[in-house]
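Peer 1: Quick one: the structure is below, and I'll ask about it shortly.
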Amino acid sequence: QVQLVESGGGLVQPGGSLRLSCAASGIIFRRYVMGWYRQAPGKQRELIAAIASGDSTTYADSVKGRFTISRDNAKDTLSLEMNSLKPEDTAVYYCNAKLGFVGYWGKGTQVTVSS
């Protein structure tokens, strides 16, 4: 059974930082392209960062230079370091694992940026 479990969300002030984690099980983690998506109220879910099995990364323009995605294939864990957070970063953040046409989702973790 595949499980992706996100953690690390919470309430943070503008300009603050958070680190999200995603623990994967039931998949051969190192083979998957891993990604972080987010969905704000009333908006579509969007890809904000992805990391391939070879560690190449891609970022949405809205988070480039502020967020860093990383993976630990020994621990089957995906991370997202988020700095200089803005109110518009408020959303539910989801972990995604993709291999070809197969994809899995976590249940998400809420990030709220507010003073």
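The values are calculated or read from the model by the stated rules, or taken from the named source; none is laboratory data. Small disclaimer: the values here were computed from a predicted structure and weren't measured. Positions of Cβ are backbone-derived with ideal geometry, glycine not excepted, and every protein chain shown enters the neighbour counts. Keep in mind that these areas ignore ligands, DNA and RNA; they rest on the heavy atoms of the full protein, side chains included. Shrake-Rupley method; radii C 1.70, N 1.55, O 1.52, S 1.80 Å.
Peer 1: Would you confirm whether any residue within the stretch 102-109 is open to solvent by 60 Å² or more (accessible area, probe 1.4 Å), assigned to a loop (DSSP other than H, G, I, E, B), in contact with a Lys or Arg (Cβ under 7 Å, 6 or more places away or on another chain) and over 15 Å from ALA40 (Cβ atoms)?
Peer 2: no
Peer 1: Something else: From the list ALA52, ALA74, pick out the single residue that is open to solvent by less than 70 Å² (accessible area, probe 1.4 Å) and more than 25 Å from PRO14 (Cα to Cα).
Peer 2: One residue alone meets the criteria, ALA52.
Peer 1: A follow-up question, please. Tell me yes or no: at least one residue of the stretch 90-98 is open to solvent by less than 10 Å² (accessible area, probe 1.4 Å) and touching a helix residue (DSSP H, G or I) at 6+ places or on another chain (Cβ under 9 Å).
Peer 2: Checking the stretch 90-98: at least one residue is open to solvent by less than 10 Å² (accessible area, probe 1.4 Å) and touching a helix residue (DSSP H, G or I) at 6+ places or on another chain (Cβ under 9 Å).
Peer 1: Restricted to the stretch 55-64, and to residues that are more than 22 Å from ARG31 (Cα to Cα) and out of contact with any strand residue (DSSP E or B) (no Cβ under 8 Å at 6 or more places or on another chain), which residue is surrounded by the fewest Cβ atoms within 10 Å (Cβ to Cβ)? Show your work before the answer.
Peer 2: So the first thing to find is which residues in the stretch 55-64 are more than 22 Å from ARG31 (Cα to Cα), and the list is 60-64.
Now restrict to residues that are out of contact with any strand residue (DSSP E or B) (no Cβ under 8 Å at 6 or more places or on another chain): 61, 64.
Numbers: ASP61: 7, LYS64: 11.
The residue in question is ASP61.
Peer 1: Any residue that is closer than 23 Å to GLY100 by Cβ and open to solvent by 20 Å² or more (accessible area, probe 1.4 Å) - is there at least one of those in the stretch 11-23?
Peer 2: yes
Peer 1: Next question, about the same structure. Considering the stretch 28-49 alone, what residues qualify as being open to solvent by less than 50 Å² (accessible area, probe 1.4 Å), part of a loop (DSSP other than H, G, I, E, B) and either small (Gly, Ala, Ser) or out of contact with any strand residue (DSSP E or B) (no Cβ under 6 Å at 6 or more places or on another chain) (or both)?
Peer 2: Here is the first cut: in the stretch 28-49, the ones open to solvent by less than 50 Å² (accessible area, probe 1.4 Å) are 29, 32, 34-36, 38, 40, 48-49.
If we keep only those that are part of a loop (DSSP other than H, G, I, E, B) too, we end up with 32, 40.
Listed by number, the list holds a single entry, ALA40.
So that you can scan it fast, the table gives a plain yes or no per residue for (1) at pLDDT 95 or above; (2) of a type outside the set (Gly, Ala, Ser); (3) over 10 Å from the mean Cα position of the chain (by Cα):
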site	(1), (2), (3)
LEU4	yes, yes, yes
LEU11	yes, yes, yes
GLN39	yes, yes, yes
ILE48	yes, yes, no
THR57	yes, yes, yes
ALA60	yes, no, yes
GLY65	yes, no, yes
ILE69	yes, yes, no
LYS86	yes, yes, yes
